[in-house]
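Scroll down for the structure; my scribbles are underneath it.
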Amino acid sequence: MRYALLLNNPEPSDVGITEEDMEPARAAFDEYAKSLEAAGVLVSVDILQPVAVSTTLTLRNGSLQIQDGPFADTKEKLNGVFVLELPDLDAALAWAEKCPAAQYGVIEIRPSALFFADGRWQSTT
């Protein structure tokens with residue numbers, strides 16, 4: 001089963017964290033990613049750029065609408081995604097608990113329904 005760990009937390013600039021302050025966090029995430037890889041459960045990781053450089057697109061109202069970020073004004077923002085291949089929710093919870101982001105944000109653990117690989121859509125169940 002694939003699980004996405006969606007990292008939601010304040011962006012560093014929103015809470016006054018400097019680039020120098022980020023070094024211990026980067027080291028902790030590096031160690032975490034390497035432990036996931038060593039355990040053979042890591043599918044992918046994306047740490048996202050700040051929401052200020054995001055762009056949204058919709059055709060919801062029948063015409064193209066594009067908006068530069070941020071789209072929503074919230075304290076916590078989606079800042080990264082870890083995709084893991086795990087046997088069950090208990091394993092996902094155990095790995096999420098070890099994630100450095102759990103110390104200062106919220107991690108949403110969501111099972112994947114489908115993924116695209118090898119030229120086709122595949123079910124995770």
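The H on the amide N of Cys99, modeled in the peptide plane, is under 5 Å from the matching H of no residue at least 5 residues off or on a different chain. Label positions at Thr124 and Glu37, each projected 7 Å from the Cα along the C-beta direction, are separated by 2.2 nm. Which of the three applies to the range 1-58, rounded, prolate or oblate, going by the alpha-carbon gyration tensor with a ≥ b ≥ c and a/c under 1.5 meaning rounded? Judged from the Cα gyration tensor, the range 1-58 comes out oblate (a/c at least 1.5, b/c at or above a/b). The distance between label points at Arg60 and Leu93 comes to 3.3 nm (points 7 Å beyond Cα on the Cα→Cβ vector).
Rounded, prolate or oblate: pick one for the range 38-103, where a ≥ b ≥ c are the square roots of the eigenvalues of its C-alpha gyration tensor, a/c under 1.5 means rounded, and failing that, prolate if a/b is larger than b/c, else oblate. It is prolate, given that a/c is not under 1.5 and a/b is the larger ratio. Annotation note: trypsin sites (Lys or Arg not before Pro) in the range 3-103 located in DSSP loop regions with a Cβ neighbour count of at most 16 within 10 Å are Arg60, Lys75.
Couplings for the range 24-32, taken from phi via the Karplus curve 6.51 cos²θ - 1.76 cosθ + 1.60 with θ = phi - 60°, read x, 5, 4, 5, 5, 5, 4, 5, 4 Hz in order; Gly and Pro are left as x.
Taking all Cα pairs closer than 8 Å and separated by 6 or more residues, the relative contact order of the range 63-125 comes to 16 percent. Between the range 1-66 and the range 76-125, the alpha-carbon centres lie 12 Å apart.
Solvent-accessible surface of the chain, taken per residue with a 1.4 Å probe and all protein chains present: 68 Å². In this structure the amide hydrogen of Leu48, modeled in the peptide plane, comes within under 5 Å of the amide hydrogens of Gly80, Val81, none closer than 5 places in sequence on its chain.
Solvent-accessible area of the chain (1.4 angstrom probe, protein heavy atoms only): carbon and sulfur portion equals 55 percent. Dividing the mean sequence gap of close Cα pairs (under 8 Å, 6+ apart) by how many residues the chain holds gives a relative contact order of 44 percent. In the set [x] 1.62; [y] 1.28; [z] 1.19, the label that goes with Cα Rg over 2.2 N^0.38 Å computed for this structure is [z].
The values are calculated or read from the model by the stated rules, or taken from the named source; none is laboratory data. The model shown is predicted, which means the values in this text are computed figures rather than measured ones. Methodologically, a virtual Cβ is constructed for each residue, glycine included, from the backbone with ideal geometry; neighbour enumeration extends over all protein chains shown. Ligands, DNA and RNA are stripped out before the accessible areas are found, and what is left, the full protein with its side chains, is counted by its heavy atoms. Shrake-Rupley method; radii C 1.70, N 1.55, O 1.52, S 1.80 Å.
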